[in-house]
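Peer 1: The structure under discussion is supplied below as structure tokens; questions concerning it will follow.
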Amino acid sequence: MEFVVIAEESQAISTITMWVFEESCREMVRWKQSLGAAAPTIGVNISRIELSDQELLKRLLACLKTHGLSPQDFCLEVTETAVARDMTRAIASLHALRGAGFKLSLDDFGTGTSSLATLHQFPIHSIKLDRAFILSIARGKQYAAMLQALVQLAYNLGLSVVAEGIDTPDQVVLLQALECDYAQGFYFSRAVDGPAVVGLVNGRAKAA
């Protein structure tokens with residue numbers, strides 16, 4: 001939380017973002033060589049500063065061209081707070097990124113300041129429900145009902161839903177009951193390096 005804020009204030013975030021994207025491109029090339037069409041997409045976070053940068057799209061596309069990759073190989077993730085800071089400019093930037101072929105996701109949904117009434121304005125493909133929603137399920141049925149309402153809202157808008165912070169089998173069962181599309185968390189795997197991802201994908205393919 002402190003690192004990103006300082007990076008944004010010092011204007012170093014653009015350099016960091018492009019380093020992350022460059023390394024992600026290198027990893028994606030390796031995954032495609034090992035996994036072919038089974039290679040998963042890579043999610044890359046974009047800060048509020050980047051959303052205001054008119055050169056962002058140009059730099060991202062140039063990096064992709066260097067590595068022979070497509071925008072469809074990546075999902076760019078932005079937080080509610082990043083969009084809410086300057087919604088008009090952020091939405092225009094998101095439209096440009098989506099138009100170029102990038103997948104877009106609204107990260108940490110439910111913790112920011114944007115209104116549910118404005119969600120339909122965001123040209124995104126998915127929302128990622130913050131883990132705070134998952135942790136609150138144990139407090140009572142009303143929290144599960146709220147989670148169900150968010151999932152249904154997303155579906156009505158044509159968005160897929162990713163639940164963050166899944167740690168237990170009970171959470172998985174509940175999300176399946178709510179027909180949540182995807183989930184991520186330590187229940188499935190701790191963080192692993194790039195080469196280990198190849199093993200995980202191959203293992204899943206064999207199990208199927």
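Peer 1: Name the single residue that is farthest from Ser126 (Cα to Cα) among those in the range 151-183 being among the polar types (S, T, N, Q) and in contact (Cβ under 8 Å) with a residue 24 or more places away in the chain. Break it down stepwise before answering.
Peer 2: Here is the first cut: in the range 151-183, the residues among the polar types (S, T, N, Q) are 152, 156, 160, 168, 171, 176.
Filter again for in contact (Cβ under 8 Å) with a residue 24 or more places away in the chain, leaving 160, 171.
Working: Ser160: 5, Gln171: 20 Å.
For the range 151-183, the residue satisfying everything is Gln171.
Peer 1: For the range 54-70, give me each residue that is free of Cβ contacts under 8 Å to residues at least 24 places away in the same chain and in a helix (DSSP H, G or I).
Peer 2: Lys58, Ala62, Lys65
Peer 1: Please go through the range 135-152 and give me each residue that is part of a helix (DSSP H, G or I) and either in contact with a helix residue (DSSP H, G or I) (Cβ under 6 Å, 6 or more places away or on another chain) or of a type in the set (Gly, Ala, Ser) (or both), ordered by number.
Peer 2: To start, the set of residues in the range 135-152 that are part of a helix (DSSP H, G or I) comprises 135-139, 141-152.
Listed by number, the residues that qualify are Ser136, Ile137, Ala138, Tyr143, Ala144, Ala145, Leu147, Ala149.
Peer 1: Just need a number here: residues in the range 57-107 that are touching a Ser or Thr at 6+ places or on another chain (Cβ under 8 Å) and within 15 Å of Glu22 (Cβ to Cβ).
Peer 2: Selection size over the range 57-107: 4.
Peer 1: Let me ask something else. Has the range 59-71 got any residue that is surrounded by fewer than 16 Cβ atoms within 10 Å (Cβ to Cβ), touching a helix residue (DSSP H, G or I) at 6+ places or on another chain (Cβ under 9 Å), of a type outside the set (Phe, Trp, Tyr) and at pLDDT below 95?
Peer 2: So far as the range 59-71 goes, no, none of its residues is surrounded by fewer than 16 Cβ atoms within 10 Å (Cβ to Cβ), touching a helix residue (DSSP H, G or I) at 6+ places or on another chain (Cβ under 9 Å), of a type outside the set (Phe, Trp, Tyr) and at pLDDT below 95.
Peer 1: Considering each residue of the range 9-53, count those that are part of a helix (DSSP H, G or I), in contact (Cβ under 8 Å) with a residue 12 or more places away in the chain and over 18 Å from Thr66 (Cα atoms), and give that number.
Peer 2: Total satisfying the criteria: 9.
Peer 1: With respect to Tyr155, is the statement that it is surrounded by 15 or more Cβ atoms within 10 Å (Cβ to Cβ) and over 16 Å from the mean Cα position of the chain (by Cα) true? Can you show your working first?
Peer 2: Values: surrounded by 15 or more Cβ atoms within 10 Å (Cβ to Cβ): no; over 16 Å from the mean Cα position of the chain (by Cα): yes.
The answer is no for Tyr155.
Peer 1: Which one of these is polar (S, T, N, Q), more than 21 Å from Gly185 (Cα to Cα) and either buried (at least 16 other Cβ atoms within 10 Å of the Cβ) or over 14 Å from the mean Cα position of the chain (by Cα) (or both): Thr79, Thr118?
Peer 2: Values: Thr79 fails: more than 21 Å from Gly185 (Cα to Cα).
Only one candidate qualifies: Thr118.
Peer 1: Gln171 versus (1) surrounded by fewer than 17 Cβ atoms within 10 Å (Cβ to Cβ); (2) more than 19 Å from the chain's Cα centre (by Cα): which is the lone unmet condition?
Peer 2: Just one mismatch for Gln171, condition (1).
The values are calculated or read from the model by the stated rules, or taken from the named source; none is laboratory data. From a predicted model like this one, the values you see are computed outputs, not experimental measurements. Here Cβ is always computed from backbone atoms with ideal geometry, including for glycine, and neighbour counts include all displayed protein chains.
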